[in-house]
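The values are calculated or read from the model by the stated rules, or taken from the named source; none is laboratory data. No experiment lies behind these values; they were computed from the predicted model shown. Neighbour counts run over all protein chains shown; Cβ positions are idealised from the backbone, glycine included.
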Amino acid sequence: MYDSGKIIGGLVLFTVAAAFPVWYTHASGKAGYQPNPVLPEGKTKCVESKEYMLSEHMNLLDEWRDLVVREGQTTYVSTAYGDEYEMSFTKTCLDCHEKKEEFCDKCHTYADVTPYCWDCHVEKTATGRMQHVRVGRQSKPDMLSNAEPSRRGAARLEDKDKAMTARIDSEPSAVIGR
Amino acid sequence: MDDSRRSFLKKAGLSALGIGAGFPLLRASVRALQDESEQAAPLSKQWAMVIDIHKCLQPEVIKTCIEACHREHNVPDIEDPRKDIEWIRTESFEKVFADQTHPHTQESIKQLPVMILCNHCASPSCVRVCPTKATWKREQDGIVMMDMHRCIGCRYCIAACPYGARSFNWQDPRPFIQEIRPEYPTRTKGVVEKCTFCFERIAKGMVPACVEACQKLPQGAGALTFGDLADANSEVVKILREKYTIRRRPGLGTAPNVFYVI
């Protein structure tokens with residue numbers, strides 16, 4: 001065989017290079033990396049068993065959402081423990097799991113999922129309330145006096161079509177299927 | 001013989017055709033009738049509100065109701081009226097009851113402020129047009145609900161609602177909320193929202209926030225009354241029996257469940 005040394009050497013080099021992702025993660029200790037979400041202190045159990053929560057928490061949340069919004073129910077009875085919980089994202093889940101960054105985010109970043117729930121559902125802060133800088137108007141307009149009733153939203157009633165057109169014109173980027 | 005056989009076959013063919021075409025037509029018309037009777041069938045529960053126009057004239061009462069609602073539900077306060085979000089607001093009598101005024105109506109009456117909110121209609125036009133069932137009429141209590149998770153922001157419902165009860169989020173509302181109440185979610189850009197008769201408070205046996213707030217005022221007692229229209233002993237039914245009340249734009253056939261004592 002000609003150049004067997006070179007071929008075998010090349011093959012070895014190739015194998016090592018191709019396996020780079022495997023041995024590198026092992027060598028750098030990243031293979032054992034786990035997101036390690038911080039569990040709430042002083043609490044011993046979740047709404048359901050740990051295994052169930054790990055694999056099904058997103059489905060549980062969907063179920064809660066539909067039961068509350070569409071069926072008009074409020075209480076959930078845990079199948080694992082029999083405890084009663086108010087079905088609420090902020091008032092229940094985030095009451096125990098206070099720190100989103102230390103808990104939900106840890107796993108979600110790791111798994112590369114970005115639930116959009118927090119676009120609307122509010123995280124609790126230490127004070128329990130979120131403060132915001134006010135950008136809107138400083139005082140209510142004189143919509144409340146008898147002499148000069150509301151002009152607010154008048155356009156909406158006065159001439160619906162006109163108002164719609166005005167709204168659409170004011171923000172063309174947000175128009176769907178025009 | 002041949003002749004009669006031929007005519008027999010013709011008649012048989014024609015009758016088969018008649019039966020074939022007639023049945024679907026018959027079925028369709030029966031179904032249409034059923035649909036209508038279904039719509040008219042009263043729900044076992046229908047939340048309703050009675051607004052006493054006279055008691056709701058005072059700026060203090062109006063302000064308290066609106067603020068209580070908007071604080072409760074994190075409704076933003078946006079200066080541009082075209083982008084503002086409102087669940088409950090006032091409008092002049094002339095506009096709210098356009099079909100009850102005429103060119104000679106007293107100017108002072110035309111200008112009276114009237115509280116308006118979602119009417120939670122018995123046949124809501126918004127529900128008919130919603131492509132995702134994000135807005136629908138809850139069978140258990142008659143609330144015309146909004147499921148913010150399903151709303152795709154097509155705004156058909158805004159166009160369909162004859163009462164201007166719905167608002168669209170043209171922008172992220174959070175910067176315009178003075179103090180966010182974490183207990184109730186905010187909304188995002190691109191969804192439609194409106195009054196939900198405080199479904200979350202009713203579920204806990206409370207009355208809507210606006211009703212509770214104005215009842216606490218000495219001059220606001222009886223300004224807004226909330227109750228079950230299907231319950232003959234409820235406060236709203238009592239008022240409807242005793243006083244003259246009107247609804248907005250009755251000619252449209254949406255059958256509002258918000259009544260006005262005038």
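Might you let me know whether segment B:106-122 holds any residue that is facing chain A (nearest Cβ under 7 Å) and farther than 22 Å from B:R249 by Cα?
Looking for residues that are facing chain A (nearest Cβ under 7 Å) and farther than 22 Å from B:R249 by Cα, one finds none in segment B:106-122, hence no.
Out of everything in segment B:69-98 that is part of a helix (DSSP H, G or I) and in contact with a strand residue (DSSP E or B) (Cβ under 9 Å, 6 or more places away or on another chain), what residue ends up being nearest to the other protein chains (Cβ to nearest Cβ)?
In the first step, residues of segment B:69-98 are kept if they are part of a helix (DSSP H, G or I); the result is B:69-72, B:93-96, B:98.
Remaining after also requiring in contact with a strand residue (DSSP E or B) (Cβ under 9 Å, 6 or more places away or on another chain): B:69-71, B:93, B:95-96.
Numbers: B:C69: 14, B:H70: 11, B:R71: 12, B:F93: 8, B:K95: 5, B:V96: 8 Å.
The qualifying residue nearest to the other protein chains (Cβ to nearest Cβ) is B:K95.
Give the residue that is nearest to B:Q58 (Cα to Cα), with candidates limited to residues of segment B:110-126 that are in a loop (DSSP other than H, G, I, E, B) and hydrophobic (A, V, I, L, M, F, W, C). Even if it seems obvious, please write down each step before you answer.
Our first condition is that a residue be in a loop (DSSP other than H, G, I, E, B); within segment B:110-126, this holds for B:111-112, B:118-124.
Still in the running and hydrophobic (A, V, I, L, M, F, W, C): B:112, B:118, B:121-122.
Values: B:L112: 10, B:C118: 21, B:C121: 27, B:A122: 30 Å.
Within segment B:110-126, the match that is nearest to B:Q58 (Cα to Cα) is B:L112.
Of all the residues that make up segment B:108-133, how many are touching a helix residue (DSSP H, G or I) at 6+ places or on another chain (Cβ under 9 Å), surrounded by fewer than 22 Cβ atoms within 10 Å (Cβ to Cβ) and over 14 Å from B:C161 (Cβ atoms)?
7
Can you tell me which residues in segment B:167-206 are farther than 12 Å from B:C69 by Cβ, assigned to a loop (DSSP other than H, G, I, E, B) and more than 9 Å from chain A (Cβ to nearest Cβ)?
B:N169, B:P173, B:G205, B:M206, listed by residue number.
In segment A:34-59, which residue that is among the hydroxyl-bearing types (S, T, Y) and in contact (Cβ under 8 Å) with a residue 24 or more places away in the chain is surrounded by the most Cβ atoms within 10 Å (Cβ to Cβ)? If you could, list the steps in order and put the result at the bottom.
From segment A:34-59, those among the hydroxyl-bearing types (S, T, Y) are A:44, A:49, A:52, A:55; that's our starting set.
Now narrow it down to the ones that are in contact (Cβ under 8 Å) with a residue 24 or more places away in the chain: A:49, A:52.
Details: A:S49: 14, A:Y52: 16.
If we take residues in segment A:34-59 being among the hydroxyl-bearing types (S, T, Y) and in contact (Cβ under 8 Å) with a residue 24 or more places away in the chain, then A:Y52 is surrounded by the most Cβ atoms within 10 Å (Cβ to Cβ).
May I ask you to verify whether B:T188 is farther than 20 Å from B:A122 by Cα, hydroxyl-bearing (S, T, Y) and assigned by TED's automatic domain parsing to the domain that holds B:P81?
On the way: farther than 20 Å from B:A122 by Cα: yes; hydroxyl-bearing (S, T, Y): yes; assigned by TED's automatic domain parsing to the domain that holds B:P81: yes.
So B:T188 fits the description; yes.
Kindly indicate whether any position in segment A:76-89 is out of contact with any strand residue (DSSP E or B) (no Cβ under 8 Å at 6 or more places or on another chain) and either part of a helix (DSSP H, G or I) or not assigned by TED's automatic domain parsing to the domain that holds A:C117 (or both). Steps first, please.
Initial filter on segment A:76-89 (out of contact with any strand residue (DSSP E or B) (no Cβ under 8 Å at 6 or more places or on another chain)): A:79-82, A:88-89.
Those left that are additionally either part of a helix (DSSP H, G or I) or not assigned by TED's automatic domain parsing to the domain that holds A:C117 (or both): A:89.
Checking segment A:76-89: at least one residue is out of contact with any strand residue (DSSP E or B) (no Cβ under 8 Å at 6 or more places or on another chain) and either part of a helix (DSSP H, G or I) or not assigned by TED's automatic domain parsing to the domain that holds A:C117 (or both).
This table checks each residue for (1) of a type in the set (D, E, K, R); (2) modelled with pLDDT under 95; (3) part of a loop (DSSP other than H, G, I, E, B).
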site	(1), (2), (3)
A:P40	no, yes, yes
A:M58	no, no, no
A:K91	yes, yes, no
A:V113	no, yes, yes
A:V133	no, yes, yes
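I'd like to know if segment B:160-176 contains one or more residues that are over 18 Å from B:P76 (Cα atoms) and buried (at least 20 other Cβ atoms within 10 Å of the Cβ). Working first, answer last.
To start, the set of residues in segment B:160-176 that are over 18 Å from B:P76 (Cα atoms) comprises B:160-163.
The next check asks that each one be buried (at least 20 other Cβ atoms within 10 Å of the Cβ); those that pass are B:161, B:163.
Looking for residues that are over 18 Å from B:P76 (Cα atoms) and buried (at least 20 other Cβ atoms within 10 Å of the Cβ), one finds at least one in segment B:160-176, hence yes.
Can you find, within segment B:218-232, the residue that is nearest to the chain's Cα centre (by Cα) among those that are crowded, with 19+ Cβ neighbours inside 10 Å and among the aliphatic types (A, V, I, L, M)? Walk me through how you get there before you give the answer.
Within segment B:218-232, the first condition is being crowded, with 19+ Cβ neighbours inside 10 Å, and the residues that meet it are B:220, B:223-229.
Those still in the list that are among the aliphatic types (A, V, I, L, M) too: B:223-224, B:229.
Numbers: B:A223: 20, B:L224: 17, B:L229: 14 Å.
Per the stated criteria, the residue is B:L229.
Could you check segment B:106-153 and list, in sequence order, the residues that are among the hydroxyl-bearing types (S, T, Y) and either under 10 Å from the mean Cα position of the chain (by Cα) or not assigned by TED's automatic domain parsing to the domain that holds B:C210 (or both)? Talk me through it step by step, then tell me what you get.
So the first thing to find is which residues in segment B:106-153 are among the hydroxyl-bearing types (S, T, Y), and the list is B:108, B:123, B:125, B:132, B:135.
Selection gives B:S123, B:S125.
Of A:F103, A:F14, which residue is over 22 Å from B:A203 (Cβ atoms), aromatic (F, W, Y) and exposed (fewer than 11 other Cβ atoms within 10 Å of the Cβ)? Outline the logic, then answer.
Values: A:F103 fails: exposed (fewer than 11 other Cβ atoms within 10 Å of the Cβ).
Residue meeting the stated conditions: A:F14.
Scan segment B:146-158 and tell me whether some residue there is under 17 Å from B:W87 (Cα atoms), in contact (Cβ under 8 Å) with a residue 40 or more places away in the chain and surrounded by fewer than 22 Cβ atoms within 10 Å (Cβ to Cβ).
Within segment B:146-158, one or more residues are under 17 Å from B:W87 (Cα atoms), in contact (Cβ under 8 Å) with a residue 40 or more places away in the chain and surrounded by fewer than 22 Cβ atoms within 10 Å (Cβ to Cβ).
Out of everything in segment B:34-52 that is modelled with pLDDT of 60 or more and among the aliphatic types (A, V, I, L, M), what residue ends up being surrounded by the most Cβ atoms within 10 Å (Cβ to Cβ)?
This residue is B:M49.
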